[in-house]
Amino acid sequence: MPVPRPSLEAERPARPDKAPFDFDEAFRRLRAALSDLPKAAMFDLRDRGYGSPFEQLVASLISARTRDEVTTPVCLRLFAAAHTPAEMAALDEETLTGLLHGATFPEPKARDILALSRRILEEHGGEVPDTMEGLTAFRGVGPKIAALTLGVAFDRPAIAVDIHVHRITNRWGIIAAATPERSMAALEAVLPRRYWVEINERLVPFGKFVCTGERPRCSTCPLLDMCRQVGVTTHR
């Protein structure tokens, strides 16, 4: 059943100058507008052949607070050396830290990757858990990382809310949430399930190149007619 909208989140007031938000039309326009832009890292890695649950889990962990332009080459370097739980667990921490060079916080991420690789081997028979609870039981794996793994690798409906998804969906006015965690719950109540995985795939590049944090490019936005532009004070 849909998760109810948190009680502290008020409905956005209607704007007569804006069309009702149409999810089907919005995603159709986003696909067309973003076709020539760089892909979000997890989806790019999937399309390059690194879409297994373990590869997606590790890549999502590496991506935390790391730009996609850095995440992808770091993951490609790492997976050339190790891309299964057994291969990863066989690395020593110093070697793994070196392979993660360029990503943020390489030392703690190396420790977390080694720990989860060993737990997957010892506690799960070498198979990555396919539930939110199972994934978030690993140190360093929060709801966003777990949702990316479930959505991209397992094709399970899960909404991965990063800073772009949080900012843009609140700017659209379809939710009113103070934190990414609240945005996840609010989106589960309003977003059709067929878009739960795709929303991260589309809004990461959209947020980087069009609906930016400061001075978004509203004049060229394909969704301007239905976006309520909540909180936008200056734009291009």
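The values are calculated or read from the model by the stated rules, or taken from the named source; none is laboratory data. All values reported here derive from a predicted model rather than from experimental measurement. With ideal geometry, Cβ positions are generated from the backbone for all residues, glycine too; neighbour counts draw on all protein chains shown.
Key figures
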read-out	value
Tally, over region 59-98, of residues that are out of contact with any His (no Cβ under 8 Å at 6 or more places or on another chain), buried (at least 21 other Cβ atoms within 10 Å of the Cβ) and of a type in the set (A, V, I, L, M, F, W, C)	8
Region 23-58, subset acidic (D, E) and farther than 20 Å from I163 by Cα, residue surrounded by the fewest Cβ atoms within 10 Å (Cβ to Cβ)	D36
Region 64-116: number of residues that are over 19 Å from R46 (Cβ atoms), among the aliphatic types (A, V, I, L, M) and in contact with a Lys or Arg (Cβ under 9 Å, 6 or more places away or on another chain)	6
Any helices (runs of 4 or more DSSP H) falling wholly within region 63-173 and containing at least 2 residues that are within 22 Å of L37 (Cβ to Cβ)	68-81, 143-148, 163-172
So G125, is it over 13 Å from the mean Cα position of the chain (by Cα), closer than 23 Å to R65 by Cβ and of a type in the set (G, A, S)	no
Test: residue in region 196-213 that is outside the structural domain of T66 (by TED's automatic domain parsing), touching a Lys or Arg at 6+ places or on another chain (Cβ under 8 Å), basic (K, R) and without any contact (Cβ under 8 Å) to a residue 24 or more places away in the chain	no
Residue count for region 219-236, restricted to those that are crowded, with 17+ Cβ neighbours inside 10 Å and either in a helix (DSSP H, G or I) or of a type in the set (D, E, K, R) (or both)	1
Matching residues in region 101-112 - criterion: being surrounded by fewer than 21 Cβ atoms within 10 Å (Cβ to Cβ) and either on the phi < 0 side of the Ramachandran plot or among the basic types (K, R) (or both)	H101, T104, P106, E107, P108, R111, D112
Complete set of residues in region 20-57 that are in contact (Cβ under 8 Å) with a residue 24 or more places away in the chain, assigned to a loop (DSSP other than H, G, I, E, B), under 16 Å from V210 (Cβ atoms) and not small (G, A, S)	L34, L37, P38, K39
